[in-house]
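The values are calculated or read from the model by the stated rules, or taken from the named source; none is laboratory data. A quick note: this is a predicted structure, and the numbers were derived from the prediction, not measured. Cβ coordinates were reconstructed from backbone atoms using ideal geometry, including for glycine residues, and neighbour counts include every protein chain displayed. These area figures cover heavy atoms from the full protein model, side chains too; ligands, DNA and RNA do not enter into them. Shrake-Rupley method; radii C 1.70, N 1.55, O 1.52, S 1.80 Å.
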Amino acid sequence: MPLTGQPVANNRKETESLEESTDESEEESEEEPKLKYERLSNGVTEILQKDAASCMTVHDKFLALGTHYGKVYLLDVQGNITQKFDVSPVKINQISLDDSGEHMGVCSEDGKLQVFGLYSGEEFHETFDCPIKIVAVHPQFVRSSCKQFVTGGKKLLLFERTWMNRWKSSVLHEGEGNIRSVKWRGHLIAWANNMGVKVFDITSKQRISNVPRDDISLRPDMYPCSLCWKDNVTLIIGWGTSIKICAVKERHASEMRDLPSRYVEIVSQFETEFYISGLAPLCDQLVVLSYVKEVSEKTEREYCARPRLDIIQPLPETCEEISSDALTVRGFQENECRDYHLEYSEGESLFYVVSPRDVVVAKERDQDDHIDWLLEKKKYEEALMAAEISQRNIKRHKILDIGLAYVNHLVERGEYDMAARKCQKILGKNASLWEYEVYKFKEIGQLKAISPYLPRGDPVLKPLIYEMILHEFLESDYEGFATLIREWPGDLYNNSVIVQAVRDHLKKDSQNKTLLKTLAELYTYDKNYGNALEIYLTLRHKDVFQLIHKHNLFSSIKDKIVLLMDFDSEKAVDMLLDNEDKISIKKVVEELEDRPELQHVYLHKLFKRDHHKGQRYHERQISLYAEYDRPNLLPFLRDSTHCPLEKALEICQQRNFVEETVYLLSRMGNSRSALKMIMEELHDVDKAIEFAKEQDDGELWEDLILYSIDKPPFITGLLNNIGTHVDPILLIHRIKEGMEIPNLRDSLVKILQDYNLQILLREGCKKILVADSLSLLKKMHRTQMKGVLVDEENICESCLSPILPTDAAKPFSVVVFHCRHMFHKECLPMPSMNAPAQYCNICSAKNRGPGSAILEMKK
């Protein structure tokens, strides 16, 4: 039975003031609780309907509950009764278990004390003449060497079993009032009486510390001390509103003297807001059960409020509250501080809040509880993330269920796009869930929201799903429809169904470019490239060339060349020229016959690529260049070797294209007419001089001088440029006396400078020539001075017999020329008086220059 932090009216006797208690702790908090609660039910419910709980102790395996009617019940962790002991007719004050859970000590208000084995016949009975408030068995009581327990009323007694199986008792402390609390851990026993808390070392048999009580105004029987050991050396004391954390430390040998070997040091001390009813450790934090009294604002009467279970973080002089929960236990209105107890199970971090009419179990919240809280607060995103991180540890939740709840939540809030986006992550590859969610989005009219996130590959949904969404867009959003057609693979849906739907819409709006383009894409998916191409050309769409290339549609565009050229002449021409094998040059030129401007663009690019491929159209190109592209006419005339010059000259003369006419006249050999045209039509002396330089014809220079002699600006231009090609004196002598020539002085100075420059160049060239001649002469002399190897393998170039005689004793004479040809001296003609020098007959016959004899060998 889960418990909440809200007040519950369990009793009709509750007063109006109790029903109106609504402090901050009762209000719903956005901070997640650290613990979760449930009532211990089953057998416990039956017990507390007839009896009241007085005490309880907890073992990892079971629970032991004592009642006001003197009964002790052993319970499992679910609250079911496993065993019952009738110990006394009056209240059970305390129950103690050893660590093994095999031995139990019980004391009651009528002075009875029992220590016995749960699974053995071992038993100790004693009845005292005063109420026994506490009992604690040694944690290792199961061991024969540790058969010890303590009990207390007005004094604290230690019972030990001797070697004769008899029990011996000794007084550990007395004289300071009733002993009301005791805790045994390891070798240390801590107890509380009316004056404070004492710690006893069972090993050294010494009391090692006394921690005095702070608030002596509180009755110790109404506000008892709460003790708990965090570990073997850390004791936590809660009394009234004060908490002390004490550490048991070893005393240094130098400080021993007559003092105990251990001492207790208070390491942390702080006050709390309410009265402490119980303490328990939780890692480095504390769990505190508090008794709360409040004052009604209306009646100003003090009343008992619900107890609180707080988790606090101890600090040296204060504490930090981590969480605080008000518990609605049964009968809390009649309970006092002494009626509450806090027991805990160290192994499982379970905390038991015991009151006379109720037992509440608090446990640390696990990941499932954390997710529950997040879902309750509608923090679905965080819940989903927590489930993914801890998916191996959660038991009650599934990631898919949380995700679907998150999607539903987003839909309810109208965040359709976010809900659709989350479907990608949550639904994953579950096709059936995808289809279910699509239909849900359809019901709320939000198919458009989920369309961008539908799976397109793994998994693939039913074609009907995709068609349903496409129809939704087609009815209201042509652009969105076009986007989906572009993004979705064509095999997701029935293409013919969608094509028919688009055509039906085009009947209403036949010129809608978006629909036409989309229809072309659909035709492409359906491999109906002809229809697609026709639409693309009609729309002048940029993808038309890609479509043609990709699907090799050149046979389909032979009659659509003009349309392609009109759309993008550059791309069209490049495509046509790159695929001449599929669409011939002749076919293209014929198709463009009625569009000469496009024909020119095509032939011009063809000529740029290859000057000879379109030679049959060069004559036609002359007119096309003259009409549409005069700047490229002259380069065409220069580069073409197939152009009829007479036809070109006729066209250029008709259109008065002077530069082109000049070029054609010069190319046809009529340089004088070309020069005359430059001078008379262009009046450009620099161009005329440049033309004369290119032709390098003396008669042209003469004509240029004669034409320029009565034109001072022309004379200036000639004087500045003629010096390196014609003797300037020829021009100067012809200048009429008294003629005013602009910049004459500068022109004459330039002529002299050019002359000096020519002289310097000639002298420099002469020096270089002489130096080279001398270097080569020396090289030739060194070469001729070198010896030449003559051996038996060499032959006479005249008689073809070995150059050396087989008999080395015979005399011989050999002539070797610098050209390395060798002769017997007698095989050479005798030198004459007119030509005393001898020359190589072979080299002389081949016109390679005579070789003079360089060596004559005789013996």
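Over the chain, dividing the summed -39,500 (n - 2.57) contributions of all DSSP H runs of at least 4 residues by the number of residues returns a 222 nm mean residue ellipticity of -11000 deg cm²/dmol. Stokes-Einstein diffusion of region 415-457 at 25 °C, 0.890 mPa s viscosity, Kirkwood radius from Cα pairs, rounded to a whole number: 242 µm²/s. For the chain, relative contact order (Cα pairs under 8 Å, six or more residues apart, normalised by length) works out to 5 percent. Since only Asn552, Pro489, Thr538 are under comparison, the one whose Cα sits farthest along the positive direction of the charge dipole of region 484-557, derived from C-beta charges on Lys, Arg, Asp and Glu, is Thr538. Rounded to the nearest whole angstrom, the semi-axes of the ellipsoid equivalent to region 393-493, taken from the Cα gyration tensor as √(5λ), stand at 25, 16, 10, largest first.
Expressed as a whole percent, the accessible area of the chain that falls on carbon and sulfur atoms is 49 (1.4 Å probe).
Relative to the dominant Cα principal axis of the chain, helix 645-654 is inclined by about 80°.
Applying a DSSP loop filter and a limit of 11 other Cβ atoms within 10 Å to the trypsin sites (Lys or Arg not before Pro) in region 156-229 leaves Arg166, Lys205.
For region 472-553, the solvent-accessible area of protein heavy atoms averages 52 Å² per residue (probe radius 1.4 Å; ligands and nucleic acids excluded).
So if a site counts as exposed when it's one of the chymotrypsin sites (Phe, Trp or Tyr not before Pro), its DSSP state isn't H, G, I, E or B, and it has at most 13 other Cβ atoms within 10 Å, what's the longest stretch of the chain without one? Working shown, then result.
Details: sites that count: Tyr119, Trp163.
The segment 164-859 is the longest one with no such site.
Can you tell me the accessible area per residue over region 366-461, all protein chains present, probe 1.4 angstrom, in square angstrom?
Values: 5240 Å² over 96 residues.
Computed with neighbouring chains in place, this is 55 Å² per residue.
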